[in-house]
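Rule-based calculations on the coordinates, nothing more; no lab input. On a predicted model such as this, the values are computed, not experimentally measured, just so you know. Glycine also receives a Cβ, built like all others from the backbone with ideal geometry; neighbour counts cover every protein chain displayed.
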């Protein structure tokens, strides 16, 4: 069986890697089609990759969506005599349009690769709708792969508004959205924390993976409880939406209470000129699946990858979310009793003590984070729930069955790769 994985964006690619490993270990051929900047992330995981899409064109399409969104929100706000703050529905629709724009930028290359390589099944991440296009054009099964959070988009409440744009994308290749079949979503999110959307799901046990790393002596034998502070891949520096004064206060409080603090960032050069409290250890591009098992808790911006890794390891977390998806994740963590959440003023972006107010109750939340036995118990409950979900190898068997059924039911393919019958 040939399995084509389609992924976009560094925070999305890593979610598919464990399933791709499992397919490869089962003896299947695997290829990961992703945007050019993310190819190295795939190859470092030991998987074959192919770059798809023109980044300049993709960036232009995404920029046009963003500009249209900002203009629409400002126009509505002006008509209502209020401030230009987007509604949740506007954010949902804009997110879906962004996903379609990214798929548009990747589609020409992805379809050409698929026509040559001829996959028998396609697995695509939530943000790589190009996978649905490829599957529809080739007439093979498609499986979505969520990134731990099922958000509304082209498969949620905004579908009616987005459908014309999606149909136009399919139509460019002589297909239509229905040709990809009803979406089925491989979902590694814990069942108790899922968004209640009417999706067809396949459970998948989350396997923490965030890249390679070299283990150092300091990881073992910590004399004090260790807390990881991070903003993940999507915002790993003091200019992140919860940076500046918020991040500074988190570090000051934790070190002042005697905790060992590790600040995990993607690019340590972003900290140049910043003042960190004495004793804060900074690690750059270090895999959280290696770091977090040595920690007692994690404080982060609401990244689902960071959060799910912490939950799989049974760690309580404090979520300081500035944006819709991040805040929704924090609410789910709190509802599960596995952590705490506080909203952060998005104006904190840019850093500095004057950039936005500190969230109320921050010190109290940090005190509870490590000391509250109920939070630790809640995190362990979710970890047990994750551990009970089907392993990647079991999901590969479902892919095998679906590919076999589709192969026996469809007419011979009319698309031929060079040198193949």
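Treating the angle as unsigned and between 0 and 90°, give the value, to the nearest 10°, between the Cα long axis of helix 55-80 and the longest Cα principal axis of the chain.
60 degrees
Quick check: the angle from helix 324-335's long axis to the longest principal axis of the chain, C-alpha only, nearest 10 degrees?
The angle comes out at about 70 degrees.
So how do 389-395, 184-190 stack up, highest first, on mean other-Cβ count within 10 Å?
Result, highest mean first: 184-190, 389-395.
Could you give the length gained on full extension between residue 407 and residue 357, defined as 0.36 nm per residue of separation minus the Cα-Cα distance, in nm?
Gain in length upon complete extension: 12.2 nm.
Give the distance, in whole Å, between the Cα centre of segment 266-306 and the Cα centre of segment 38-68.
25 Å
According to a simple spin-label model (label point 7 Å from Cα along Cα-to-Cβ), what is the distance in nm between residue 168 and residue 59?
About 2.3 nm separates the two model spin labels.
Would you calculate the separation in nanometres between label points at residue 203 and residue 397, each defined as 7 Å from the Cα along the Cα-to-beta-carbon direction?
Result: 1.5 nm between the two label points.
Just to be sure I understand the model, the point goes 7 Å from the Cα along the line to the Cβ. What's the resulting residue 76 to residue 384 distance in nm?
4.4 nm
With angles folded into 0 to 90 degrees, how steeply does helix 245-256 sit against the dominant principal axis of the chain? Use alpha carbons for both and round to 10.
So the helix axis and the longest Cα principal axis differ by about 60 degrees.
Which residue, 357, 260, 400, tops the fluctuation ranking in a GNM of the chain built on C-alpha contacts under 10 Å?
Looking only at 357, 260, 400, the largest GNM fluctuation is found for 357.
Between the alpha-carbon centers of segment 69-127 and segment 382-399, tell me the distance in whole angstrom.
Segment 69-127 and segment 382-399 have Cα centres spaced 29 Å from each other.
Placing one identical point scatterer on every Cα of segment 271-344 and ignoring solvent, what is log10 I(q)/I(0) from the Debye formula at q = 0.24 Å⁻¹?
Log10 I(q)/I(0), no solvent term: -1.08.
Regarding segment 1-112, what are the three Cα extents along the principal axes, ordered largest first, in Å?
Largest first, segment 1-112 extends 61, 24, 22 Å along its Cα principal axes.
Say R0 is 45 Å: what FRET efficiency, to the nearest 0.05, do residue 176 and residue 364 get from their beta-carbon distance?
0.25
Tell me, what is the percent relative contact order of the chain, built from C-alpha pairs under 8 Å that lie six or more residues apart? Can you show the working numbers first?
Details: 820 pairs, mean separation 64.0, N = 421.
Relative contact order here is 15 percent.
Let me see the pair-distance distribution of the chain: every alpha carbon pair, 10 Å bin width, integer percents in order.
Histogram of Cα-Cα distances, whole percents per bin: 5, 21, 31, 25, 14, 4, 1.
Students often check this: by mean Cβ neighbours within 10 Å, which of 131-140, 328-337, 116-125, 68-77 ranks highest, and how do the rest follow?
Most protected by this proxy first, the peptides run 131-140, 116-125, 328-337, 68-77.
Give the peptides 294-303, 32-41 in descending order of average Cβ contacts within 10 Å, highest first.
Peptide ranking by packing, descending: 294-303, 32-41.
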